[in-house]
Amino acid sequence: MIKSIQINSEEEYRRAYKNSVENPEQFWDDVAETFCWRKRWSKTLEWDFSIPKVKWFLGGKLNITENCLDRHLEKKANDPAITWVPNDPNEETVILTYKELHSKVCQFANVLKNHDIHKGDRVCLYMPMIPELAIAMLACARIGAIHSIVFAGFSSRAIARRINDSSCKMLITTNEMYRGPKTVPLKEICDQALTDCPSIEKVIVYNRTKTTCSMLPNRDVFWHSEIEKVNDTYDAEIMDAEDELFILYTSGSTGKPKGMVHTIGGYMVGAAYTFLNVFQIKPNDVYWCTADIGWITGHSYIIYGPLCVGANTVMFEGVPSYPDYSRFWKIVEDLKVTHFYTAPTAIRALEKQELSFVKKHDLSSIKVLGTVGEPINHEAWEWYHEHIGHKEAPIVDTWWQTETGGIMISSLAGITPEKSTFATLPLPGVQPVLMNDQGNTIEDQVAEGRLAIQFPWPSMARTIWGDHDRYKNIYFSTFSNKYFTGDGALRDSNGNYRITGRVDDIVIVSGHNLGTAPIENTIDEHPMVVECAVVGFPHAIKGNALYGFMILYHFEDTSEKLKLEINDLIAKDIGPIAKLDKIQFVNGLPKTRSGKIMRRILRKIASGDTDNLGDTSTLLNPEVVEEIIAGSL
Ligand code: WTA
């Protein structure tokens, strides 16, 4: 366990924060020095947001897996690294110690090498929440390959798009995956994707459900047979601090997903530092983050952060409702989980169930609760506090993004004050600012505006894979010399931040970021659709849901069948998570005189807030508004 960088009191936090702003390089030098480097960096930071260029720990050499694994072998070899809970409650929990995980990662690194994967090659992982996913990602990192994990709920077309965007050479998957009572044929989905992925040379298939799947000779091999051919030692590839560690795709406001690129040194320092301090992890704690590793939360706070500090991290393959809604609480009781980190959408879904699901389990082991992914509403916060945290456990409301790599604004559990619905204070090294509509920094303490960050932090994404201009345009062009988050926020008199939500065309549905533009592009492919607009509207459990307005070629066909077809198309092109909750066929969409769809108005209609539509007189076609309101769902 890294000790020296743990903040132990509010006063220490204040001191660390002040120091991190006044002497950022010295501050991060001190943090980074507690890690294991093959060669120390010669320069701490080089940056220029106008290019944008950000480099941390220049000249430093390391391998992140030596920090996650090797350095724990002396004192923690037999301590649990990953505690894996399978989907089926009757299948046994598996504990991988640091020694075992190290050996499996080295073994799989040899498999990758045998299949011609080298430093800098991209490897796509499309897998369920099983230890082999962690092993595969760490094996990539061990040999210096760049992993690109695609959430195993995406469709074959979405996988193909991601594989092709970064020309992945290998795909690792499973024959099938379990999801509650169902199985999902992952290999079959991959096979469909691979009809259109010329860069893929090899596919490694882990047999999770002991059933057969089709295997293409010379391309597909089984995990089990490959690991038998290799030994379990592998000298970690020595990497540069600024070499890429992974690509992770996130939705953009245009059709193309954005491959956010994270580099090794800064990401490692950021993920581990924030993990340790936000959660206040202590030896023997049992930490469980319920996110999927296909998202950034799983990367930073199931794998890299926890393993870097030598924690015991729980990985759960299943879903909260299987075999019933007490599953999470049963796992907490069985494993004596001390730290539980989940998303508001999961809390709301669980809150709606009978309280007896919670009450029948002993949750007294819980010391810290966490939430991430979207603003948490007060009721959900209170329920979490009272029923899961027995009114004692601090709740850390952690605001951050795929792009930030690690937590940016959050209380430190039990150390700095929390405030329901507020993420609270920035972590040391993070300099948030609120911007007004004129693009100026708001100096008043109490204010509301768009959230930007005015100084680099080590774990920030360095670029969008293959498209640095896009990276610049999205994040560094809205406000000069600042990183723009895409979120709105307000600040109270104590400097606490409350995130109010996205201010762009990204909607967070059940904690998943979805760009409305790619969904619209998909809908436009339907031969019956002339034009469409998709917006978010508030939903009691999902946080937001999607509402689509569509103009059809033949207005007569407004059947349920057509709605199903459209949702099917979305599920195939993107994934079931992007399906629309409501579809309304309309004669026209409200447009500005320059022909831009006025989404602000559609958002209001979708939310049922039609009394405050604002000025519609400047519209090209104000008459459609009344019509849309009359037909709204
Ligand atoms: C939102 C997830 C309010 C926000 C780590 C952000 C939050 C987006 C919070 C990033 C929070 C995340 N309170 N909103 N505690 N955490 N968000 O990339 O809108 O999947 O921009 O990263 O989620 O989502 P992403």
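The values are calculated or read from the model by the stated rules, or taken from the named source; none is laboratory data. No experiment lies behind these values; they were computed from the predicted model shown. Cβ: placed from backbone, ideal geometry, glycine included. Neighbour counts: every protein chain shown. Remember, those area values only see protein heavy atoms, side chains included, never the ligands or the DNA or RNA. Shrake-Rupley method; radii C 1.70, N 1.55, O 1.52, S 1.80 Å.
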*How big, in percent, is the set of alpha carbon pairs in region 564-619 lying more than 12 Å apart?*
73
*Roughly how many percent of the accessible protein surface of the chain is carbon and sulfur, given a 1.4 Å probe and a whole-percent answer?*
48
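As an exercise, use a Förster radius of 25 Å and the Cβ-Cβ distance of Glu91 and Ser356 to find the FRET efficiency, rounded to the nearest 0.05.
Between Glu91 and Ser356 the formula returns 0.50.
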*Once both labels are modelled 7 Å past Cα along the beta-carbon direction, what's the Thr421-Val319 spacing in nm?*
3.1
*Long-range amide H contacts for Ala145: which residues qualify at under 5 Å (H placed 1.01 Å from N, peptide plane, sequence gap of 5 or more or a different chain)?*
Gly120
*Determine the order of Arg603, Arg348, Arg14 by accessible area, beginning with the largest, at a probe radius of 1.4 Å.*
Arg14, Arg603, Arg348
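Output the Kirkwood hydrodynamic radius of the chain, Cα pairs only, in Å rounded to one decimal.
The answer is 25.3 Å.
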_Relative packing of 173-184, 397-408, which averages over residues the other C-beta atoms within 10 Å, highest first_ = 397-408, 173-184
*At what distance in nm do the modelled label points of Asn494 and Asp557 sit from each other, each positioned 7 Å from its Cα along Cα→Cβ?*
5.9
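Report the calculated FRET efficiency for Ser225 and Arg38 (r = Cβ-Cβ distance, R0 = 30 Å), to the nearest 0.05.
Working: r = 34 Å, r/R0 = 1.12.
Using R0 = 30 Å, I get an efficiency of 0.35.
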*Cleavage-rule hits, chymotrypsin sites (Phe, Trp or Tyr not before Pro), region 527-577, DSSP coil, Cβ neighbours within 10 Å at most 16*: Tyr553, Phe555
*For His468 paired with Asn481, estimate the spin-label separation in nm (one decimal), with each label point 7 Å from Cα along the Cα-to-Cβ line.*
2.2
*Please work out the C-alpha center-to-center distance from region 118-150 to region 186-254 and express it in whole Å.*
7
*Where the convex hull is taken over the Cα atoms of region 508-632, what is its projected area averaged over directions, in nm²?*
7.6
*Can you give the helix-only mean residue ellipticity at 222 nm for the chain, where every DSSP H stretch with n ≥ 4 adds -39500 (n - 2.57) and the sum goes over all residues, rounded to the nearest 500 deg cm²/dmol?*
-8000 deg cm²/dmol
*Please list the non-local residues whose amide H lies under 5 Å from the amide H of Met315, H modeled 1.01 Å from N, same-chain partners needing a gap of 5 or more.*
Thr83, Trp84, Val85
*Show me 561-570, 185-194 ranked by packing, highest mean number of other Cβ atoms within 10 Å first.*
185-194, 561-570
_DSSP beta bridge pairing in region 508-632, given as percent antiparallel to the nearest 5_ = 70
*In whole Å, how far is the Cα centre of region 469-532 from that of region 266-322?*
26
*When you count, for each residue, the other Cβ atoms within 10 Å and take the mean per peptide, how do 74-81, 160-167 rank with the highest first?*
160-167, 74-81
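Considering only DSSP beta bridges where both residues belong to the chain, give the percentage that are antiparallel (nearest 5). Before the final figure, lay out each step's value.
Numbers: 58 of 99 bridges.
Counting DSSP beta bridges with both partners in the chain, the antiparallel share is about 60 percent.
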*Under 13 Å from a label point 7 Å along Cα→Cβ of His390: give me every residue in region 316-334 with its amide N that close.*
333
*What does the accessible area per residue of region 508-632 come to in Å², with a 1.4 Å probe and no ligands, DNA or RNA counted?*
46
*If ligands, DNA and RNA are left out, what is the accessible area of Asp437 with a 1.4 Å probe, given in Å² to the nearest 10?*
130
*In square angstrom, rounded to the nearest 10, how much accessible surface does Lys119 have for a 1.4 Å probe?*
100
*Alpha-carbon centroid distance for the pair region 381-429 / region 571-633, whole angstrom*: 35
*May I ask you to compute the full-extension gain from Lys596 to Glu623, defined as 0.36 nm times their residue separation minus their alpha-carbon distance, rounded to one decimal in nm?*
8.1 nm
